[in-house]
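The values are calculated or read from the model by the stated rules, or taken from the named source; none is laboratory data. Keep in mind the model is a prediction, meaning the values are calculated, not measured. Cβ placement follows ideal geometry from the backbone for every residue including glycine, while neighbour counts extend to all protein chains displayed.
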Amino acid sequence: FPVTINKQTYMDTMKALHNGLLVSLEGIDGSGKSVLARNLHNALCNYSVILTKEPGGTPLGEKIRAILLGNKDTNMCPKAEFLLFAASRAEHFEKLVIPELKKGSIVISDRMADSSLVYQGYARGLSLDMINLVNTWAMNEITPQLTFYLKIDAQTAFKRIQKRNLPLTGFEKEQSFIQKTIEGFETLFAQKKNIVTLNAQDTPEALTEQALDAVKHYLTLNS
Ligand code: TYD
C-alpha cells in the first residue's frame, strides 16, 4: 500500500502512545472488517501493534468462539449467548488487551463490546443496560478510543457472505436478523463519539488509507 508514516509524525505520535491505543472495528457480517483489520495492522507495522478479535484473542476465547459459532443446533438462549461473549471479552482484556495497552501498543480488535449491544441487545432483545453493565465490568471500564464502523446494506453483505462458500453461522442466516443488526449499529453509533464511519464498498486500499489517516489524526491530536 502507498501509505507511509514520515519520521516526524512517528516521533510525535509515539508520545501519544504511552497509554497505548485501543481501536475496534465493527459492522455486520460481510462488511469487510477482517480484511480492513489485517490491512490496518500491516500499515501500522512501524509501531508496536497487535491484531486480535472477539470472540477469541486468547486460548480460552478461541474455545468459547468455537462453542458460539458452532451453535447452530443447540439453540442457545440469548442470555447464555451473551455471557459467553462476555466471558471471552473478560479473558481478552485481562490476558491480552490490558497488558498490551500498558506496554504502549496499538491494539486493533475485529469486533468488541458494541457487537454485543447490537447482536444480543438490539437484535436478540436483551436489556442494553445489562449488557453495558457487564461489558464495562468485563473490560475494566476501558473503551476503544477509536471505532471504525464499516457501513454496508443487507443485500450486498449477504451476497459477500454467500460468495465465501463457507457454511453460514447462526448469526448470518436470516435477512431479517441482518436487517436488525444494521438498524442496531445505526442507532447505537448515532449516539456515540469516536466512531469513524467508512463506506464498506470502497476499495480495500481506500479503506486502509482512511483508517490509517484517522489513527494518525487521533494520535496527533492527543500528543
Ligand atoms: P466474526 O468474527 O465477525 O465472524 P467471522 O470472522 O466468522 O466472519 O463474528 C462472529 C459472530 O459473532 C458474528 O456474527 C457476530 C457475532 N458476535 C455477537 O453476536 N456478539 C458479540 O459480542 C461479538 C463479539 C460477536
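Laid out as a table, the results:
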| quantity | calculated |
| --- | --- |
| Restricting the stretch 129-140 to residues that are within 13 Å of the ligand (Cβ to nearest atom) and either without any contact (Cβ under 8 Å) to a residue 40 or more places away in the chain or assigned to a loop (DSSP other than H, G, I, E, B) (or both), the residue that is surrounded by the fewest Cβ atoms within 10 Å (Cβ to Cβ) | 132 |
| Residue 85 being under 24 Å from residue 18 (Cα atoms), under 14 Å from the mean Cα position of the chain (by Cα), part of a helix (DSSP H, G or I) and without any contact (Cβ under 8 Å) to a residue 60 or more places away in the chain | no |
| Residue 219, sole failed condition from (1) over 30 Å from residue 95 (Cβ atoms); (2) touching a Lys or Arg at 6+ places or on another chain (Cβ under 9 Å); (3) at pLDDT below 95 | (1) |
| Of all residues in the stretch 23-67 being more than 13 Å from the ligand (Cβ to nearest atom) and free of Cβ contacts under 8 Å to residues at least 40 places away in the same chain, the one that is farthest from residue 219 (Cα to Cα) | 63 |
| Unmet requirement for residue 120, which otherwise passes all of (1) within 30 Å of residue 175 (Cβ to Cβ); (2) touching a His at 6+ places or on another chain (Cβ under 6 Å) | (2) |
| Matching residues, the stretch 185-213, being closer than 17 Å to residue 153 by Cβ, free of Cβ contacts under 8 Å to residues at least 12 places away in the same chain and outside any helix (DSSP H, G or I) | 202 |
| Output for the stretch 86-113, where each listed residue is in contact with an Asp or Glu (Cβ under 7 Å, 6 or more places away or on another chain) and within 8 Å of the ligand (Cβ to nearest atom) | 88, 89, 111, 112 |
| Residue under evaluation residue 44, criteria (1) within 25 Å of residue 128 (Cα to Cα); (2) modelled with pLDDT of 95 or more; (3) not small (Gly, Ala, Ser), criterion not met | (1) |
